[in-house]
Amino acid sequence: MTENYYSKEIECASPETIRAIQDEKLVKQVRHVWDRVPYYRAKMQEKGLTPDDIRSRDDLYKLPFLSKADLRECYPYGLLGAPLKDCVRIQSTSGTTGKRVVAFYTQHDVDLWEECCARAIMATGGTNEDVCQVSYGYGLFTGGPGLNGGSHKVGCLTVPTSSGNTERQIMFIMDLSATILCCTPSYAAYLGESMKAKGLTPDQIPLKVGIFGAEAWSEEMRHSIEATLGIKAYDIYGLTEISGPGVAFECSEQNGMHINEDHFIAEVIDPDTGEVLPDGTDGELVFTCLDKEAFPLLRYRTRDITSLSHEKCSCGRTFVKMSRPKGRTDDMLIIRGVNVFPSQIETVLLNSGYPANYQILVDRVNNTDTLDVQVEMTPEMFTDNLGEVATRQRQLESGLQSMLGIRAAVHLVAPQTIARSEGKAVRVIDKRKI
Ligand code: DLL
């Protein structure tokens, strides 16, 4: 594949150039926040800081962190960095607990965000010859609007189907010969399954590329989606607080996501101590916006667990890469004192030939945590021979035991019995919290 770039000069700039851009923008952004956001100014003052203390990236560590709790406390307008008359849009998180996070955008912020999404699309080989079907939800969720804007900027024919209505999705993919599909990986898997059920083979499906994100997914899931849809599947990362999808995106190496470093500085910290960790070490991802107007968060703790790498990338981009997020500090399950990430369970299931249709049930019985994984069988596996099912269950239980270090009960269920998701999949039901 020939490498495509939306803004080659910046995406492939030397580390020194990126550094100089970050130093200059950071100083301005801190001054902007100090002048416009009294809440953050007070946080800086508590640490005895003024904008003069931040002269370059090297001073970043001095700045106080922001967390979701700050965002909730400041809801809705407390962190606004621009006059309301200059704001043109809000987006909001899909959060299910507590107050929603509302992020604000000026036109400049929308342009910046859409530019990031355009870079992501072009990094997968996308051009203005492509037909790009955006099957992320539109509305308060950032997935639809972000990729829609990016697709326009690239000049693709944009098909804004939004999520859901799988029959219609398939109709548009086939009738319009869509070449790029943007949606969550779990919905892509469902679309693949539905197309297969209609008898469509990968070579009959016009799609070439998928741009999938908004939830954790495994390498095994990537391979399975690539095989059913006959595409290359690329990861895209982002969060509402920082702008939306496109904060980081995968390139032809398909091995970690480049962070748009001319707009955001990434750090990885030890979630307990706040200490900045070196490349290659897993920790919590923290972002500092560099040129946002309406919602200019500094040192925002994402709760996503990842590591950074400055290794040279064959695509020519010099932006630092983040590894596929392993999960979130708040979706890590602690089962009988052991840390368990849903992504580890997914890896075992997919490696053993099961589809990515599963649910993890956690409960506490007689003061002991229980972990129960319900997994769908494929139609080929499905049988009424109970002995065979029991053997399969035992095999999976032993695979999970070696991956997790604790016992999990497995229950195999009939095909099509676990609810499908059109957006972010709900994989874990933790009854201990109910
Ligand atoms: O999910 C933005 C987005 C839309 C990203 C479409 C990619 C594609 P939120 O709803 O605010 O925004 O959720 C953000 O989702 O902190 C991660 O925990 C998770 N997440 C997003 N992308 C990925 C990814 C959008 N590629 C939260 N891999 C983030 C793993 C992801 N987790």
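Taken together, the values in this text are just the output of simple stated rules run on the coordinates, not laboratory data. Note that the structure is a prediction, hence the values are computed from the model and not measured. Methodologically, a virtual Cβ is constructed for each residue, glycine included, from the backbone with ideal geometry; neighbour enumeration extends over all protein chains shown.
Here are the numbers for the structure shown:
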{"read-out": "Using distinct alpha-carbon pairs, which all enter the 1/r mean, Kirkwood radius of the range 230-324 in Å", "value": "13.6"}
{"read-out": "Cα-based helix-to-principal-axis angle, 107-123 vs the chain, degrees rounded to 10", "value": "50"}
{"read-out": "Helix-only mean residue ellipticity at 222 nm for the chain, each DSSP H run of n ≥ 4 adding -39500 (n - 2.57), per residue, nearest 500", "value": "-9500 deg cm²/dmol"}
{"read-out": "Gain on full stretching of the segment that runs from D203 to D58 - 0.36 nm per residue minus C-alpha separation", "value": "47.1 nm"}
{"read-out": "The range 1-329 - convex hull of the alpha-carbon atoms, volume per residue in Å³", "value": "127"}
{"read-out": "R407 paired with S194, simple spin-label distance in nm, labels 7 Å along Cα-to-beta-carbon", "value": "4.1"}
{"read-out": "Max mean-square fluctuation residue, GNM over the chain, Cα-Cα springs under 10 Å, options K208, K85, K312", "value": "K85"}
{"read-out": "HN-Hα J in Hz across the range 224-235 - Karplus 6.51, -1.76, 1.60, θ = phi - 60°, x for Gly and Pro", "value": "5, 5, 4, 6, 6, 9, x, 10, 9, 10, 10, 8"}
{"read-out": "Nearest-ten-degree value, helix 185-197 long axis tilted from longest Cα axis of the chain", "value": "30"}
{"read-out": "Cysteines in the chain lacking a second Cys C-beta under 4.7 Å", "value": "C12, C74, C87, C116, C117, C182, C183, C289, C313"}
{"read-out": "Nonlocal amide H pairs with R89, under 5 Å, H built at 1.01 Å", "value": "Y105"}
{"read-out": "Surface/4 of the Cα convex hull for the range 333-430, nm²", "value": "6.5"}
{"read-out": "The range 1-157: C-alpha gyration tensor shape, a/c 1.5 cut-off, then a/b vs b/c", "value": "oblate"}
{"read-out": "Additional length obtainable on full extension of the chain from T417 to D23, 0.36 nm per residue less Cα span", "value": "136.5 nm"}
{"read-out": "Under Karplus coefficients 6.51, -1.76 and 1.60, residue-wise ³J(HN,Hα) of the range 76-82 in Hz, glycine/proline x", "value": "x, 9, x, 10, 5, x, 9"}
{"read-out": "Residue order, fewest to most beta carbons within 10 Å, for R41, R432", "value": "R432, R41"}
{"read-out": "Other-chain or far-sequence residues with amide H under 5 Å of G246's (modelled H)", "value": "Y237, G238"}
{"read-out": "Anisotropy class of the range 95-205 from Cα gyration tensor, a/c 1.5 cut", "value": "oblate"}
{"read-out": "Cα-based helix-to-principal-axis angle, 386-404 vs the chain, degrees rounded to 10", "value": "30"}
{"read-out": "Selected from T17, T158, T179 as most flexible by GNM, with the chain as the system and alpha-carbon contacts under 10 Å", "value": "T17"}
{"read-out": "Counting DSSP beta bridges with both ends in the chain, the antiparallel % (nearest 5)", "value": "60"}
